[in-house]
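Accompanying notes for the structure given below.
The values are calculated or read from the model by the stated rules, or taken from the named source; none is laboratory data. Predicted model only: the values in this text are computed from it and were never measured. FYI the Cβ positions are ideal-geometry reconstructions off the backbone, even for glycines, and counts take in every protein chain you see. In case anyone asks, the SASA skips ligands and DNA or RNA and just uses the protein heavy atoms, side chains included. Shrake-Rupley method; radii C 1.70, N 1.55, O 1.52, S 1.80 Å.
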Amino acid sequence: MSLSGLLKTMRRLLLVTGFLWVLFFQAGVAQAAEDIALVAHPTVPVDNLSFVQARKILLGNHQYWSPDLRVTLLIRAPVARERDLLLKKFYEMSEPQFRQHWISKIFRAETTSGPKVVFSSDMALELLVLIPGSITFVRADQVPKGLKVIQIDGRLPGDPGYSLQ
Amino acid sequence: MTEGIIKIFALTGFFLFGVFFVPEALWADTSNPPTNEMLLERIEQLERRSEQQTRQQIISEMRTKYPSLNILGFGNISFSTTDEAGKTSSFRMGQFVLHFSSALSPRVSYFGEISITARRDAGEGDPKASGFDVEIERNIIRFDQGDHLKISAGRFHTPINWWNSTFHHGVWLQTTIDRPSMLGTLVPIHFLGVVLEGALGESSLNLAYNVGMGNGRGKVLGRAGDAGDVNNNKAWFVNVLSKPDRFFGLDIGASVYGDQITTTSGAVFDEMIFSAHLIWSKENPEVISEYANIRHEAKSGGATFDHQSAYLQIAYRLPWLEARFKPYARYEHNKLDPAEPPLSPTSLFKRRAIAGLRFDVSSYAALKIEYRKEKKDSGSDNNSGLAQVSFTF
């Protein structure tokens, strides 16, 4: 192979590599944006939760961050992707089972009400700012700067192995 | 000159009058009527403002207020037919139950439960007409110190039986039509007193406890001592529960309950109940099993009577047809000492097997059909067919 042929091949290889890199990088960025972030009111005294701890909070079994700070769950109304993902990954329940779970909780006098239902990410974030101890789940690219995003098992949205992909 | 000054004052007066008193509409520039774009923009502005106001109103309503009363109800209607002598096939209105739950502050909450039950003898006259009994089933005020300590006072479902704590008075919540027979006479259902509960440490076993003290059974053993205890010995219980992280859905626990019971005839017995449960709470499959040993020891003479009761219930939510169907089966076994004076347990059956199907008509209503076969100590077998519509509202 002549030198010019070698250079041509090298150039093609570089172009293909660059194209692939851009493709995968973009895919990674898009994935990170679509991951669901666990967002918390600034008063929530944790930065990282294990998957199991997050599940206990979502099930309503763990109701206090500290003696003076109650957990308030803000969960999207049915059909939202955020809710579907929570039900599938954390609750391992169908929609009717999820409803029955909270009716049972109230029935057993373990809580006075279920999670607060929010109808959009904007509403979730607006309410989150107002209620100390509250947490919600929104798409990572919709989280405004300055809000507290909690790690799950030490991972943030976009990290490989993140639970809420 | 004077005229000039008067004119200036007059003009100024007219100007000021115009500015302050002439309606704004008359000032409007009608020479340039608003364009469609301007109107559309104005409509958009108004819509945005309205949406913003609605959202703020919703958000303001969603912030927890104290007290925040929530009401939840349960009801059911059943039909049963049996070959048992002396019984007729009939429709029955099940309990009409209302729950009131309210947060009184971030750490104080209230829970109330009222039932209205149809009874053949709840009315007036001689013989008594049928009617309805109204009862306060639960009446609980709770203070939360945190997840590790919650202190409650009031009337509870005695938490030494899993079914009693989880489903009692909530027929729609349970898979089957009726509760297991161990509840009621054998294991006390209600308890009036003080209860401490909470999580035990932070381990993967998720241990929790309940400790309580209060009035035990009344002279009629199926009833709690609501209007005062029948003796000076308070009833007490301790239970330990676990929901291990590793097996999400598993719930295991054990309880001890002690009391001194005084019967209508004045006889006094020490009562000690040991019970345990093992539950797989998911619906594919659902497994519920409980065991209880009830021991009564006479204070005079020292005679001891032991009764055992156990049941195993298995159900499976079928994945087809929107997962609306759930077949189930339960087997109950009561081993009772017929010589026992306080309980006179001969009315209870020895064995009972049930098989049924639950169909969830909607998210909040279910239709159940069930077949039962019971065997009594006398050796007689009874077969029954039941149907029930249960709901929450």
**Q.** Qualifying chymotrypsin sites (Phe, Trp or Tyr not before Pro) for region B:178-249 [loop in DSSP, other Cβ within 10 Å: at most 15]
**A.** B:Phe247, B:Phe248
(Q) Pick from B:Gln57, B:Gln308, B:Gln145 the residue whose mean-square fluctuation is largest in a GNM of chain B, springs joining Cα atoms under 10 Å. (A) B:Gln57
Q. In region B:64-392, carbon and sulfur make up what percent of the accessible area (probe 1.4 Å)?
A. 62 percent
Q: Based on alpha-carbon positions alone, could you give the equivalent ellipsoid semi-axes of region B:317-373 from the gyration tensor, as √(5λ), descending, whole Å?
A: 35, 11, 8
Q) Rounded if a/c is under 1.5, else prolate if a/b beats b/c, else oblate: with a ≥ b ≥ c from the C-alpha gyration tensor eigenvalues square-rooted, which is region B:63-168? A) prolate
Q) Given the rule -39500 (n - 2.57) for each run of at least 4 DSSP H residues, summed and divided by the residues of chain B, what is its mean residue ellipticity at 222 nm, to the nearest 500 deg cm²/dmol? A) -4500 deg cm²/dmol
Q. B:Ile116 accessible area, nearest 10 Å², 1.4 Å probe?
A. 50 Å²
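Hey, if we sort A:Lys88, B:Lys350, A:Lys105, B:Lys219 by accessible area with the 1.4 Å probe, largest down, what's the order?
Ranked from most to least accessible, the order is A:Lys88, B:Lys219, B:Lys350, A:Lys105.
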**Q.** Per principal axis, descending, Cα span of region B:64-392 in whole Å
**A.** 61, 54, 46
**Q.** Inverse mean reciprocal Cα-Cα distance (Kirkwood Rh) of chain A, Å
**A.** 17.8 Å
Q. Using a basic spin-label model with each label point 7 Å from the Cα along Cα→Cβ, how many nm lie between B:Ala227 and B:Leu357?
A. 4.8 nm
Q) Can you give the extra length, in nm with one decimal, that the chain gains between A:Lys8 and A:Phe51 once fully stretched, where that is 0.36 nm per residue apart less the Cα-Cα distance? A) 10.4 nm
Q) With axes computed from alpha carbons, what is the tilt in degrees of helix B:2-21 against the longest principal axis of chain B, rounded to the nearest 10 within 0 to 90? A) 20 degrees
Q.
Please check: in the Gaussian network model of chain B (C-alpha springs, under 10 Å), which one of B:Gly301, B:Gly193, B:Gly249 has the largest mean-square fluctuation.
A. B:Gly301
Q) If you add up the charges near A:Gly158, with Lys and Arg at +1 and Asp and Glu at -1, over every other residue whose beta carbon is less than 12 angstrom from its beta carbon, what do you get? A) -2
Q. So how exposed is B:Thr81, as accessible area in Å² (1.4 Å probe, rounded to 10)?
A. 60 Å²
Q. Among the residues of region B:82-119, which ones have their accessible area go down by 30 Å² or more when all the protein chains sit together, as opposed to their chain alone (1.4 Å probe)?
A. B:Ser101, B:Pro106, B:Arg107, B:Phe111
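Can you work out D for the protein assembly as shown in µm² s⁻¹ from Stokes-Einstein, where Rh is the Kirkwood radius over C-alpha pairs, the temperature is 37 °C and the viscosity is 0.692 mPa s? Walk me through the numbers before you get to the answer.
Values: Rh = 28.4 Å.
Once the numbers are plugged in, D ends up at 116 µm²/s.
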Q. Using the alpha-carbon atoms, what tilt in degrees (0 to 90, nearest 10) does helix A:3-34 show relative to the longest principal axis of chain A?
A. 10 degrees
Q: Please identify, among B:Pro127, B:Pro34, B:Pro341, the residue showing maximal mean-square fluctuation in a Gaussian network model of chain B using a 10 angstrom Cα cutoff.
A: B:Pro34
Q | Structure-based [θ]222 nm, chain A - -39500 (n - 2.57) summed over DSSP H runs of at least 4, per residue, nearest 500 | A | -13500 deg cm²/dmol
(Q) As I understand it, the value is the acute angle between the Cα axis of helix B:36-62 and the longest principal axis of the Cα atoms of chain B; what does it come to in degrees, rounded to 10? (A) 30 degrees
Q: Grab the other residues whose beta carbon is less than 13 angstrom from that of B:Gln260, score K and R as +1, D and E as -1, and report the net.
A: 0
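Largest first, how would B:Lys326, A:Lys116, B:Lys375 line up by accessible area (1.4 Å probe)?
B:Lys375, A:Lys116, B:Lys326
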(Q) Could you report the accessible area of B:Tyr371 in Å², rounded to 10, computed with a 1.4 Å probe on the protein chains as they sit in the structure? (A) 110 Å²
Q) Any idea what the relative contact order of chain B is, in percent, if you count C-alpha pairs under 8 Å spaced at least 6 apart? A) 11 percent
